[in-house]
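Engineer: After the structure tokens below, expect a handful of questions from me.
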Amino acid sequence: MDQYRVKPGSRVDLSQWDPDDTNGFDGAKKDSDKHLAMLSIKLEALQELLYAERKHKILLVLQAMDTGGKDGTIRHVFQMVDPLGVRVASFKVPTAEELDHDFLWRVHRQTPARGEIVIFNRSHYEDVLIVRVHDLVPTEVWQRRFEQINAFERLLADEGTTILKFYLHINKDEQKKRLQQRLDDPQKRWKFNPEDLKERTRWSEYMQAYEDALSKTSTAWAPWYIVPANKKWYRNIVVATTIIKTLEELNMQWPETKDFSKIAVR
Ligand code: AMP
Ligand code: MG
């Protein structure tokens, strides 16, 4: 999965990243479903250990264009995971109270505690994406945020947080298809937001904002992964595999217990 990690200090050109990439696999439905189910069971076991050890904190950041698949990724990758050990924090248009604070105020309070996995469905990166594209703050304000974000994530990492950031990469054609599906399918229609069509006209501005964010904030302590996401099954497998590999590298241990050898349950 290293091939999808943005090397710190490198310059991202998204036109060079293929959203259709499946690493040569064909994704036969039966096989990919089985593979993902297996990964999800593995993730479930690791999550239990994480919870029991109560040492590490895991922060997963999901960013994507509209219809990019943030919700679907969460649903599929965590299908087997105990809901008690995982929390999703979704970041919407800031409230008046949130806007009266610095941009990280609402974010910091949602970060994971020991033993917890928190998934950010959108994140502080909106503050250098939509905020930039729509000129919601002066240029010099969003420009200094890259450095502020790196420092903030460094603080979290220093205090025991493992951070993984995923950009789910789809192209404009795929978004068209998915928006049309939302319109056509009565069960998906509730997700259709006419605003998304307006955002779509700014596609290239968003790509530029994403390229900047991915280039400037992929660090050793909080790397970005650019996930090929036109094919949902492959997107899920890449995200699940990356999380599993990272959790395995933490070398977690079951907590030491007292000597219970003389205890009998009657
Ligand atoms: P959704 O995720 O589809 O429910 O939409 C949430 C909306 O909130 C998206 O259009 C985001 O771009 C927007 N949003 C999230 N964070 C911010 C932010 N910090 N400033 C402005 N808009 C935001
Ligand atoms: Mg939306």
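The values are calculated or read from the model by the stated rules, or taken from the named source; none is laboratory data. Computed from a predicted structure; not experimentally measured. Glycine gets a Cβ as well: all are built from the backbone with ideal geometry, and neighbour counts include every protein chain shown. Remember, those area values only see protein heavy atoms, side chains included, never the ligands or the DNA or RNA. Shrake-Rupley method; radii C 1.70, N 1.55, O 1.52, S 1.80 Å.
Engineer: Which lysines have a Cα less than 16 Å from the Cα of Lys57, not counting those fewer than 8 places away in the same chain?
Structural biologist: Lys57 reaches Lys165, Lys245.
Engineer: What is the dipole size for segment 1-106, taken about its Cα centre, with +1 at each Lys and Arg Cβ and -1 at each Asp and Glu Cβ, in debye to the nearest 20?
Structural biologist: The calculation lands at about 340 debye.
Engineer: If packing is taken as the mean number of other Cβ atoms within 10 Å per residue, what is the order of 110-122, 134-146, 171-183, highest first?
Structural biologist: Highest to lowest by the protection proxy: 110-122, 171-183, 134-146.
Engineer: Pulled fully out, how much extra length does the chain show between His101 and Gln181, if you take 0.36 nm times their separation in residues and subtract their Cα-Cα distance?
Structural biologist: Residue separation times 0.36 nm, minus the Cα-Cα distance, leaves 25.0 nm.
Engineer: Can you show me the helix-derived [θ] at 222 nm for the chain, built from DSSP H runs with n ≥ 4 at -39,500 (n - 2.57) apiece and divided by the number of residues, rounded to the nearest 500.
Structural biologist: Rounded to the nearest 500, the figure is -13000 deg cm²/dmol.
Engineer: Please label the shape of segment 1-121 as rounded, prolate or oblate, based on the square roots a ≥ b ≥ c of the eigenvalues of the alpha-carbon gyration tensor (a/c under 1.5 means rounded; beyond that, a/b larger than b/c means prolate, else oblate).
Structural biologist: It comes out oblate by the Cα gyration axes.
Engineer: Now, a different point. Tell me, what is the 1.4 Å probe accessible area of Leu84, in Å² to the nearest 10?
Structural biologist: Accessible area, nearest 10 Å²: 150 Å².
Engineer: Here's something else I'd like to know. I want to check the label-to-label distance for Asp33 and Glu147. Put each point 7 Å from Cα in the C-beta direction and report it in nm to one decimal.
Structural biologist: Taking the two extended label points, one gets 5.2 nm.
Engineer: Assign unit charges at the C-beta atoms only (+1 for Lys and Arg, -1 for Asp and Glu), then state the dipole size of the chain relative to its Cα centre in Debye, rounded to the nearest 20.
Structural biologist: Rounded to the nearest 20 debye, it is 680 debye.
Engineer: For the charge dipole of segment 2-248, defined by +1 on Lys and Arg C-beta atoms and -1 on Asp and Glu C-beta atoms about the Cα centroid, which residue among Ala213, Thr241, Ala151 has the Cα displaced farthest towards the positive pole?
Structural biologist: So the residue furthest toward the plus end is Thr241.
Engineer: If you average the sequence gap of Cα pairs under 8 Å that are 6 or more apart and divide by the length of the chain, what percent do you get for the contact order?
Structural biologist: Relative contact order here is 36 percent.
Engineer: Can you classify segment 2-248 as rounded, prolate or oblate using the Cα gyration tensor, where a ≥ b ≥ c are the square roots of its eigenvalues, rounded means a/c under 1.5, and otherwise it's prolate if a/b beats b/c and oblate if not?
Structural biologist: Rounded, since a/c falls under 1.5.
Engineer: How much area per residue is accessible in segment 1-66 when the probe is 1.4 Å and only protein heavy atoms are counted (Å²)?
Structural biologist: Accessible area per residue: 57 Å².
Engineer: With a 1.4 Å probe and all protein chains kept in place, how much accessible area does His108 have, in Å² rounded to the nearest 10?
Structural biologist: Taking all protein chains as shown, His108 has close to 80 Å².
Engineer: Here is a follow-up. Report, in degrees rounded to the nearest 10, the 0 to 90 angle that the Cα long axis of helix 145-158 makes with the longest principal axis of the chain.
Structural biologist: Result, in degrees: 0.
Engineer: Give me the dipole magnitude in Debye, nearest 20, for segment 208-250 about the Cα centre, with unit charges on the beta carbon: positive for Lys and Arg, negative for Asp and Glu.
Structural biologist: Charge dipole of segment 208-250: 220 debye, to the nearest 20.
Engineer: Continuing with this model, one more query. Starting from the Cα-Cα distance between Ala220 and Thr201, subtract it from 0.36 nm times their residue separation and give me the gain in nm to one decimal.
Structural biologist: Additional length available on full extension: 3.4 nm.
Engineer: Among Thr111, Ser204, Gln47, whose Cα sits farthest toward the positive end of the charge dipole of segment 2-248 (+1 at Cβ of Lys/Arg, -1 at Cβ of Asp/Glu, about the Cα centre)?
Structural biologist: It is Gln47.
Engineer: Suppose R0 equals 25 Å; then what is the FRET efficiency for Asp135 and Asp71 from their Cβ-Cβ distance, rounded to the nearest 0.05?
Structural biologist: 0.35
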